[in-house]
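Please treat every number below as a calculation from the coordinates, not as lab data. Keep in mind that what you see is a predicted model, and the values were worked out from it rather than measured. Using ideal geometry, Cβ is built from the backbone for each residue, glycine included, and neighbour counts are taken over all protein chains shown.
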Amino acid sequence: MGRAEERQARQRGARRASRGRPAGGGKPKRTGIRRFFTLKKILGTFFGLCLLGMLSFVVLYMMVDVPEGNAAAKLQSNVYKYKNGKVIARTGELNREVVDLEKVPKKVQRTFVAAENKSFYKDKGVDFKGTARGLINTVTGKGKQGGSTITQQYVKNYYLTQDQTVTRKFRELVISLKVDQNKSKDYILAGYINTSYYGRGAYGIQAAAQAYYGKDAEKLSVSQGAYLAALLQAPSQYDWTSATDASRKLVKARWNYVLDNMVEENWLSASEREGLTFDKPEPPKAAPGLEGQTGYLVKAAKDEVMKAGHLSEEQFDAGGYSITLNIDEKKQKQLEKAVDKKLNDKLDPDKRKADARVQAGAASVDPKTGKVLAMYGGRDYVKHYTNNATRRDYQPASTFKPLILAAALENGAKTQSGQPITANTVYDGTSERPVKGSDVAFAPPNEDDKSYGQVTVQKAMNKSINSVFAQMGVDVGMDEVLETAGKLGMDVEDLPAVPAQTLGTMGASPLEMAGVYATLDNHGKKVTPALVASVEHKDRTIELPDPIGERVVERGTADSLTSVLTGVVDDGTGSAVRSPVQDVAGKTGTSDDNKSAWFTGYTPKLVTSVGLFGEGAAGTAEESKQVSMRGAGGLPRVDGGSFPAQIWAAYTFKAMGSPSEFDLDTSMGAAIAPPPEPTTQEPTEPSEEPTEPSEEPTTEKPSDEPTTEKPTDEPTTEEPTEDPTTEEPTDEPEEPDPSETIEIPENPNGRPGRD
């Protein structure tokens, strides 16, 4: 070997040594970390992990099912509205009302897509980059991640929770893929906008539309929709009315971003976009509670819906019902004002203990449609839970008398002497006169034990003479009387058919009596008062019964009763509601020991029943018991012709609109012609009373009456001198007519009497 070759060999050996290879040409010996990581190992490990991840995902995909929606996501409020659409109240744990997507304008739908996920209609339900970023942020503790698709956000809202964990993110990923495969994009979008939180306690677009713009979702504009869509990014921060200047700039920028994206996606024309201005939301309003009359309306409407839909309490309280009432907001306020002005303002419980015992209830019905237009349940629902308009535990007293005559006319009944019973039929009005033809002895006293001698049925109705209607009930047959009452709308099931029922000893509510008289006003076609106009629910249809039914009594019967009842107003105990320009029919009633007082009356357009009930005041030994109202409001007795009639007139003459006349198909009653004065006595046996007593009530008081002096003539009610739509009756309660408020003890064979 030459020097040159030797030198080259040494150089090669040096190079091998520097590489760690043995001089003999074998493989170099690895040292340190390089002994563990090679390119092949790295690649092998990477692909192995990928394969393992794919297998794990497949297993996860197979194992994770789409769960039931979480309970919180399913909760909704029940919404109650006036007939004009204005919200009365929302009840439930969450302020949410689910609406179908078709009720949301198409362009408003697109504002949410433009704001959150432009590729929504094209993607598979998952943003893998965004999800990966979210996982990294979650693992590294950097807080909430962004970039989720609408599908993922819907899955998080409806199926999962808001927890930020790796496990939840993986489940969200899998469920989103499955939901996208099995559900339409419209279904997912509807779920998203109905489950998202918008601030102000509003869950879902319907509640948000009401909270921010005071309207339903179907009436939102594109500008308003863009604001609500922008709001989802930061509901509290972006609430315009409370946002800082910096936040307002951010929400305006977000609003513009949404609309610009809509133009980019061809969901909005550039010219329309150019014309849009930012629609500022309304200031937040306190959520309506159940105080005042609201609670009474809500509870009564709930009961009606549950009955119509055969719903359990649990089913109803799960929420989602949008209930529109027939209540007319203006008439409701007029009724409340009438009760306050004519009754509540005159009661002073601190001055008179009796004033604390008075409870008022009223219901007003349109006789042509059966709609309940106004209802008064009591002073305040949160203070007095029982609805005085629907309670049935007090006696309707003499407001039942017209039903006895209706039964007589409907059945062609005759007196004991064989005379047909009409408005002109003569009866003996002697107080405590024993009824004839009954197996059950009964001799009811008249009010103040006054005897009238021979009187026509018309006059007996005008003066509310108990002895006449007790005999008439026996003449007709009490079974027939109760049957007719049931047809007209009273709940008389299981009541004993005894003469005492002629005094109205059963229970009834103002709403029930309004329905009975509305049937008379509607010429004999059955009227069942309907508080609820419509019910909407995303998953359930509830059919409401028609409030107008078949004819239950002949038109001639109903119209004859209306004609007779005009006499009660024109020349009887209901004179407090007399009007020179408006036809009015009605009947007063005052029950045993002045525990209830009524006026139920009607015009061709409106039927209203007002009841006052004596109830023991809270915190007393009499609490919730039926007690006398004697002395309330400074009156010796509260009878139907006083506060109830005044409330009726103050409300009706404002609420009814223009004056109207009854269209009657009858030949009898005060509305047709005054009946002739009787010249013969009925029954056939002569009465010991004078043949014709004075028209004026007697001043004699029964022995067991209080010593308080009672008025000696008819009420001196001031009549309206102008159109009753603008003039209310006198503010002061008229002195009660003593021919109206005789009481009768619970034993109907005792004394004294009642009207």
Centroid-to-centroid separation of the range 296-317 and the range 394-456 [C-alpha atoms, Å]
41
What distance in nm lies between label points placed 7 Å from Cα along the C-beta direction at ASP539 and ARG273?
4.0
In what sequence, highest mean first, do 186-192, 484-490, 395-401 appear when ranked by Cβ atoms within 10 angstrom?
395-401, 484-490, 186-192
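Cβ neighbours within 10 Å, averaged per peptide: list 113-125, 242-254, 636-648 in order, most packed at the top.
Details: 113-125: 18.3, 242-254: 14.0, 636-648: 29.8.
So the order, starting with the most tightly packed, is 636-648, 113-125, 242-254.
Students often get this wrong, so check it: of LYS487/LYS538; LYS302/LYS525; LYS106/LYS249; LYS185/LYS330, which have C-alpha atoms separated by over 32 Å?
Numbers: LYS487/LYS538 36 Å; LYS302/LYS525 26 Å; LYS106/LYS249 27 Å; LYS185/LYS330 44 Å.
Violating the 32 Å Cα-Cα cut-off are LYS487/LYS538; LYS185/LYS330.
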With charges only on Cβ, +1 for K and R and -1 for D and E, what is the dipole size of the range 235-328 about its Cα centre, in debye, rounded to 20?
280
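Most exposed first by the Cβ proxy, i.e. fewest other Cβ within 10 Å, how do GLU615, GLU102 rank?
On the way: GLU615 26, GLU102 11.
Lowest count first: GLU102, GLU615.
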Using a Förster distance of 60 angstrom, determine the FRET efficiency expected from the C-beta separation of ASP393 and GLN233, and round it to 0.05.
0.60
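Stokes-Einstein at 10 °C, 1.306 mPa s, Kirkwood radius from Cα pairs: D for the range 541-581 in µm² s⁻¹?
On the way: Rh = 13.0 Å.
Reported coefficient: 122 µm²/s.
Where does each of 286-299, 598-611 land if you order them by average Cβ count within 10 Å, highest first? Show your work: numbers first, answer last.
On the way: 286-299: 17.9, 598-611: 29.4.
In decreasing order of mean packing, 286-299, 598-611 become 598-611, 286-299.
Checking the a/c ratio against 1.5 first, then a/b against b/c, what shape does the Cα gyration tensor give for the range 607-648? Please list the in-between numbers first.
Values: a/c = 3.14, a/b = 1.70, b/c = 1.85.
Cα axes put the range 607-648 in the oblate bin.
Could you compute the FRET efficiency for THR528 and LYS351, with r as their C-beta to C-beta distance and R0 at 30 Å, rounded to 0.05?
Working: r = 42 Å, r/R0 = 1.40.
Efficiency, from the Cβ-Cβ distance: 0.10.
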The rounded separation in angstrom of the Cα centers of the range 220-236 and the range 565-634 is 53
Which of the chymotrypsin sites (Phe, Trp or Tyr not before Pro) found in the range 328-392 are in a DSSP loop and have at most 13 neighbouring Cβ atoms, other than their own, within 10 Å?
TYR385
Partners for LYS353 among lysines (Cα-Cα distance below 19 Å; same-chain residues under 8 apart left out)
LYS342, LYS383, LYS595, LYS625
Using θ = phi - 60° and the Karplus form 6.51 cos²θ - 1.76 cosθ + 1.60, what ³J(HN,Hα) does each residue of the range 112-127 get, whole Hz, x for Gly and Pro?
6, 5, 5, 6, 10, 6, 4, 8, 3, 6, 10, 6, 9, x, 9, 9
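Mind listing which trypsin sites (Lys or Arg not before Pro) in the range 387-454 are in a DSSP loop and have 15 or fewer other Cβ atoms within 10 Å?
Values: sites: ARG391, ARG392, LYS414, LYS436, LYS450; in loops: ARG391, ARG392, LYS436, LYS450.
In loop regions of the range 387-454 (DSSP not H, G, I, E or B), the sparsely surrounded trypsin sites (Lys or Arg not before Pro) are ARG392, LYS436.
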